[in-house]
1. Per the 1.4 Å probe, what fraction of the accessible area of the chain, in percent, lies on carbon and sulfur atoms?
2. Could you tell me whether segment 2-121 comes out rounded, prolate or oblate from its Cα gyration tensor? Rule is a ≥ b ≥ c as square roots of the eigenvalues, rounded for a/c under 1.5, then prolate if a/b exceeds b/c, otherwise oblate.
3. Which one, I34, G15, F101, projects farthest toward the positive side of the charge dipole computed for the chain from Cβ point charges (K/R +1, D/E -1)?
4. On a full-extension model of 0.36 nm per residue, what is the gain between D62 and R45, subtracting their alpha-carbon distance, rounded to one decimal in nm?
5. Taking the Cα centre of the chain as origin, sum charge times position over the Cβ atoms of Lys and Arg (+1) and Asp and Glu (-1), and report the length of that vector in debye to the nearest 20.
6. Leaving out ligands and nucleic acids, note down the accessible area per residue over the chain with a 1.4 angstrom probe, in whole Å².
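The values are calculated or read from the model by the stated rules, or taken from the named source; none is laboratory data. Just so you know, these numbers come straight off a predicted model, no measurement behind them. Ideal geometry is used to build each Cβ from the backbone, glycine not excepted, and the neighbour counts take in all protein chains shown. Heads up: the accessible areas ignore ligands, DNA and RNA and are worked out on the full protein's heavy atoms, side chains in. Shrake-Rupley method; radii C 1.70, N 1.55, O 1.52, S 1.80 Å.
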Amino acid sequence: QVRLVESGGNLVQSGGSLRLSCAYSGLPLNYAAIGWFRQAPRRGRVGVSCITKGDGRKSYADSVKGRFTISRDNANNTVYLQMDSLKPEDTAVYYCAITPFTDCLGGYDYWGQGTQVTVSS
């Protein structure tokens, strides 16, 4: 029933921009936040950004702070990740997921399939 679908990944040049979308449906009523994660080849999955359901509070990993912006469109059941000033180090598969915890630190029960972002130097 829960569905999260990422889109918007592409091949871009260093310094360019992309906007990723996470379209969701069937989320449980107790979900508290939606997070963006990324995983580069041979690396673990790491948190990028998070936005809470209740008050829209936003958080970012230090590596993307000032370059990425998370937002939501409640009418269209979509969370966005605007990525500016992209660097080759941002190359990864990007995932969205939901958690019942407002601290965004864990409890991500459902995940999308991911969308590939490749930043060329």
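1. Numbers: 2980 of 6490 Å².
The value for the chain is 46 percent carbon and sulfur by accessible area.
2. prolate
3. G15
4. Full-extension gain reported as 4.6 nm.
5. Numbers: 13 positive and 9 negative charges, 24 e Å.
Computed about the Cα centre, the dipole is about 120 debye.
6. Value for the chain: 54 Å² per residue.
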